[in-house]
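One structure is given here, and the rest of the page talks about it.
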Amino acid sequence: MSTLVVQDEASEERHRFIEKLTPYLFISPWILGFLFFTLGPLIFSFIMSFYDWPVVGERTFVGLQNYEVMLTEDPLFWDSLWITVKFGLFFVPFNVILGLLLAVLLNQKVFGTGVFRTIFYLPSVISGVALVTIWAWIYSHEYGILNFLLGLAGIEGPNWLGDPNWSLLAIVIASLWGLGGTMLILLTGLQSIPKELYEAAKMSGVPAWARLIYITIPMLSPMLLFTVITSIISAFQQLTIALLLTGGGPLESTYFFAMYIYDNAFKYFEMGFAAANSWVMFLIILVLSMLVLKSSSAWVYYEGEMKNSEAADD
Amino acid sequence: MAGVDIKQLYKSFGKTEVLTGIDLSIRDGEFVSFLGPSGCGKTTLLRSIAGLEEVSGGSVRLGERNITQLPPAKRDIAMVFQNYALYPHMNVYKNLSFGLSLNGVPKVEIEERVQTAARILQISDLLKRRPRQLSGGQRQRVAIGRAIVRDPKLFLLDEPLSNLDAGLRVSMRVELASLHRRLGVTMIYVTHDQVEAMTLSSRVVVLNKGVVAQFGTPLELFYAPQNLFVAGFIGSPKMNMMKVNANAINEMSIALTSESISGSISFQLSAPVQQVPEQPHTFGIRPENVGLVEEAESHMSGNVELVERLGTESQVHVRLDSGQGLTAVTRGTHPVNMGDRVHLNFPAEHCHLFSPEGEAYPRKLDGETRSLIERQETAALCIA
């Protein structure tokens, strides 16, 4: 009798344990992926950044030396950072503003809107390498379609990828190819704005440009904030297009920060140094994002949000 | 200020015809309601007047001007939307002044207009708030204020009270009426609530399936509905209706008979009718006009299925011997009970008769009712 009870208790306990475990089993693929492929490498790279860590050979702890060398002795760090910032200064506003204009256009009730939406989003699903191949062909100095078209208009096109004055712009244009994603987010935002707001504005004689500036943009500001931040992040992570299109040249005019990290890691096999580079990039993105977020209280309007100062006079 | 003249207005969305030949003439300074069930076209008609819908045919005139092809802003019309349509990111002052400042109205004048409107609507202390921080009634005031500051020739209101709770709706109704008196401007009001339409309007347009079923004063609609639709739509509980045979006795009266009517009902006409068709007619009587009487005086009999006691009145649901249901309204203290056998009488002056096509015969109203309707009509005319 007593053994039976003990057995029952044991099996019940086992049962309860399995019951508790079940949900974790279901989410385990994600948890494991996160631990091994995101959090793990993250922590690992932080540790690496304090080491002289060649791919083959002795690893030695060097403290903050990697950071020190990067900031004080390596001019390429500052050069590549400046190129990335220049790129971002073009890319972020163009990406957001053009994305917004496209979204506004595609939000009009005209024939074939669905087709246009698909066409504009299509580049965003093309793989980076294929995209770069297309652009290499477009930009080709002598045989490229872009210079051919410019030639038809009587303009002698520059050597887009070979001239340091034009190469960065060429990369900005090529990376804007993918603004379909931005457009899609803003288009969704546009469609959630009640149409009565526009009707009320129309009734009181508010012209179309003023409706865009005073109604659409404020109502869209949370989405705009999101696209500004993601654009900044993707500007700093710009690698594929430059790597494949120009390889950082000519005269290192398109030598992006991400490429600098890439070279340190996989060309010079300085893993510790590259890890330190990455952490600096992470900090820069973090600070920039926080600055944008901080500024957002002045220009982003959330439905349902009530600022403390406003609530106070209730 | 100006009246509105609508001629042969058509509007279709693709193949669906929503408005089919609307003719209306609204007088300067009038308060007119568009009343009808969902999908009758009342909101579309309002939006067509506003210029928010492009009409498929016909014309709209405001005062002396043909505004059919003008953009909304050029029409001198202000509209209050059902969900208020306040700009959520602007404070009340900005909401009121936004349109004005973009149309080059001087700052001093904007300030003056906003303050005046705010005073009229008692929202002066709310000008710094965002719509989010306002109650439903306050938002409604701001929406009306946005119309007032524009000083338009015509106000359009699209179910403006439907988002408010019952108590607030009644008090806002009273305020709207006094606002109309104060401003003296023509107002068109869309609603599906007949109480709102009846209490606010000098005249009501009843719409059904894109056509005007009747356009008249509230009492006219109630006591002299021109067709079956209006008869069934106006009044609560609904008018009782049943099929009858009609035979002309002479030029001014018709005898109504059916299996369930004992004897006949004599319907008195107010104008001579040449011919009465043979097909079955529809007889109508409002529940409050049905009398509970002794068997000898009755037209019909039946059993009481349910008594709903509302205090001031009781609604008695009767199953007639013919199997049809009928509702009678009695005084609240009437002792009638469920299961009772009752005998019903239909006073001649309260009977309605509709032709097989659903058109009303001209009925003879008692003197009191007639003078009431006439008084309302004169009042409506006086506004102009």
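What follows is calculated from the coordinates using simple rules that are stated; it is not laboratory data. Quick caveat, the model's predicted, so the values are computed rather than measured. When we count neighbours, we look across all protein chains shown, and the Cβ atoms used for this are built from the backbone with ideal geometry, even at glycine.
Couple of notes before you dig in:
- Take the Cβ atoms of B:Val170 and A:Ala298, set R0 to 51 Å, and the FRET efficiency comes out at 0.75.
- Between segment A:32-87 and segment B:272-290, the C-alpha centres lie 95 angstrom from each other.
- Dipole orientation for chain B: of the candidates B:Val230, B:Leu121, B:Leu35, B:Leu121 has the Cα lying most toward the positive pole (charges on Cβ; Lys, Arg +1; Asp, Glu -1).
- Cβ-placed point charges (K, R +1; D, E -1), dipole of the protein assembly as shown about Cα centre in debye, nearest 20: 1400 debye
- Pair A:Tyr268, B:Thr257: separation of 7 Å Cα→Cβ label points (nm): 11.6 nm
- Taking the Cα centre of segment B:69-147 as origin and assigning +1 to Lys and Arg Cβ atoms and -1 to Asp and Glu Cβ atoms, the resulting dipole is close to 260 debye.
- Basic side chains Lys and Arg get +1 at the Cβ, acidic Asp and Glu get -1 at the Cβ, and with that the dipole of segment B:281-344 about its Cα centre reaches some 160 debye.
- Scanning chain A for long hydrophobic helices, with DSSP H runs required to stretch 18 angstrom or more by C-alpha along their axis and to average at least 1.0 on the Kyte-Doolittle scale, returns A:75-106, A:164-176, A:217-236, A:271-299.
- Measuring between their Cα centroids, segment B:163-204 and segment A:121-151 lie 64 Å from each other.
- Label-point separation in nm, B:Ala271 to B:Ala177, each point 7 Å along Cα→Cβ: 3.1 nm
- When each of A:Lys109/B:Lys128; B:Lys238/B:Lys364; A:Lys109/B:Lys42; B:Lys94/B:Lys209; A:Lys86/A:Lys109; B:Lys107/B:Lys153 is checked by Cα-Cα distance, pairs over 29 Å: A:Lys109/B:Lys128; B:Lys94/B:Lys209; A:Lys86/A:Lys109
- Inter-chain Cβ neighbour average for residues B:79-88, partner chain, 10 Å: 5
- Mean Cβ count within 10 Å, highest first, over the residues of peptides B:330-342, A:107-119, B:255-267, B:136-148: B:136-148, B:255-267, B:330-342, A:107-119
- Burial ranking of peptide ranges A:172-184, A:228-240, B:288-300, A:24-36 (average Cβ count within 10 Å, highest at the top): A:172-184, A:228-240, B:288-300, A:24-36
- Contour minus Cα-Cα distance for A:Ile233 and A:Arg59 (0.36 nm per residue): 59.5 nm
- Inter-chain neighbour count for A:185-197: the average number of beta-carbon atoms from partner chains within 10 Å of each residue's beta-carbon is 2.
- Summed side-chain charge close to A:Lys195 - residues other than A:Lys195 whose Cβ falls under 13 Å, Lys, Arg +1, Asp, Glu -1: +1
- Amide H to amide H, with H built 1.01 Å from N, B:Ala224 comes under 5 Å of no residue 5 or more places away or on another chain.
- Cross-link partners of A:Lys20 among lysines (Cα-Cα below 23 Å; sequence separation of 8 or more within a chain): none
- Euclidean distance between Cα centres, segment B:291-366 to segment A:156-227, Å: 67 Å
- Shielding by partners, peptide B:59-72 (average Cβ within 10 angstrom, other chains): 1
- Dipole of segment A:172-314, positive direction: furthest Cα of A:Met223, A:Tyr255, A:Val287, with charges on the beta-carbon: A:Tyr255
- For segment B:198-215, backbone nitrogen atoms closer than 18 Å to the point 7 Å from B:Tyr10 Cα along Cα-to-C-beta are found at B:209-212.
- Top positive-direction residue, dipole computed over the protein assembly as shown with Cβ charges, set A:Thr188, B:Leu52, A:Val92: B:Leu52
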